[in-house]
Amino acid sequence: MAKPSMLLVEDDAALAELLAYHFRREDFDVRQTPDGEEALLLAREATPDLVLLDWMVEGLPGIEVCRRLRRAPETANVPIIMLTARGEEEDRVRGLETGADDYVTKPFSPRELVARVKAVLRRVRPALAGETLSYADIEMDTVGHKVRRAGELVPLGPTEFRLLKHFLQHPGWVFSRERLLDAVWGRDTEIETRTVDVHIRRLRKAINGEGMPDIIRTVRSAGYALDAGN
């Protein structure tokens, strides 16, 4: 299994080296930079599995780096943990609302930080690590939460990602709205079945690029299917 990759953005050189040491010892592939602008370039060059981001870094502030990472399709689903000396509730809320998945206030124990990073990765990485699903020209990396069609990255929201994953696990099968609700939203949900139609439309819009055939088939009075022969 490939090492989990981390982008470490920290302008305190001593702390950056200490953290890099601890994470490499835990078998992480660590790239690091003290600069916010460079962090965005590094993330575009090779999407990391997780970003460890200080609030106050050189160049672009960490909070803006977080915002831009969330806006970019290739990093929209990458977990971000923010490091900061700012412990006020308002700052924590601002960081989380900007898109951070967790928030660690300095000073902290490197061992605790490693544990928290691993916990975040466990939440976002499926049990079958390394699983790749594919059908026709669609490929889904269920570990990195990335979808490509004809080699092009497709940005998806969490619900559309789960919906597509279910279709990819059963290509050609026709699922009623009720069965999709059970599979994607859960049996205890009180969401109306027409919600499925809304997310199907969103999924279609995302994966059916210009000039591409619609790969989702609507079966009248029955439901939907992933069908390349549609």
Can you name every one of the strands (runs of 3 or more DSSP E) wholly within segment 1-63 that holds 2 or more residues which are hydroxyl-bearing (Ser, Thr, Tyr) and assigned by the TED database to the domain that holds Pro79?
none
Is one or more of the residues making up segment 19-35 open to solvent by less than 10 Å² (accessible area, probe 1.4 Å), in contact with a Leu (Cβ under 9 Å, 6 or more places away or on another chain) and farther than 25 Å from Val143 by Cα?
no
Quick check on this structure: which one of Gly144, Gly157 is open to solvent by less than 30 Å² (accessible area, probe 1.4 Å), modelled with pLDDT of 85 or more and among the small types (Gly, Ala, Ser)?
Gly157
If we keep only residues of segment 1-18 that are open to solvent by less than 70 Å² (accessible area, probe 1.4 Å) and among the aliphatic types (A, V, I, L, M), then the residue farthest from Leu52 (Cα to Cα) is Leu15
Pull up segment 195-216, narrow it to residues that are in contact (Cβ under 8 Å) with a residue 24 or more places away in the chain and open to solvent by 40 Å² or more (accessible area, probe 1.4 Å), then point me to the one that is farthest from Arg162 (Cα to Cα).
Met212
Kindly indicate whether Thr195 is hydroxyl-bearing (Ser, Thr, Tyr) and farther than 25 Å from Glu74 by Cβ.
yes
So, of the residues in segment 95-118 that are small (Gly, Ala, Ser) and open to solvent by less than 30 Å² (accessible area, probe 1.4 Å), which turns out to be farthest from the chain's Cα centre (by Cα)?
Gly95
What number of residues in segment 30-78 are farther than 16 Å from Leu15 by Cα and not small (Gly, Ala, Ser)?
27
State all residues of segment 43-59 that are open to solvent by 30 Å² or more (accessible area, probe 1.4 Å) and in contact (Cβ under 8 Å) with a residue 12 or more places away in the chain; if no residue qualifies, say none.
Arg44, Ala46, Thr47, Asp49, Met56, Glu58, Gly59
I'd like the residue in segment 217-227 that is out of contact with any Lys or Arg (no Cβ under 9 Å at 6 or more places or on another chain) and of a type in the set (D, E, K, R) and, out of all such residues, is nearest to Arg162 (Cα to Cα).
Arg217
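The values are calculated or read from the model by the stated rules, or taken from the named source; none is laboratory data. Bear in mind the structure is a predicted one, so any value in this text is a computation, not a measurement. Here Cβ is always computed from backbone atoms with ideal geometry, including for glycine, and neighbour counts include all displayed protein chains. Calculation scope for accessible area: heavy atoms of the full protein, side chains included, ligands and nucleic acids excluded. Shrake-Rupley method; radii C 1.70, N 1.55, O 1.52, S 1.80 Å.
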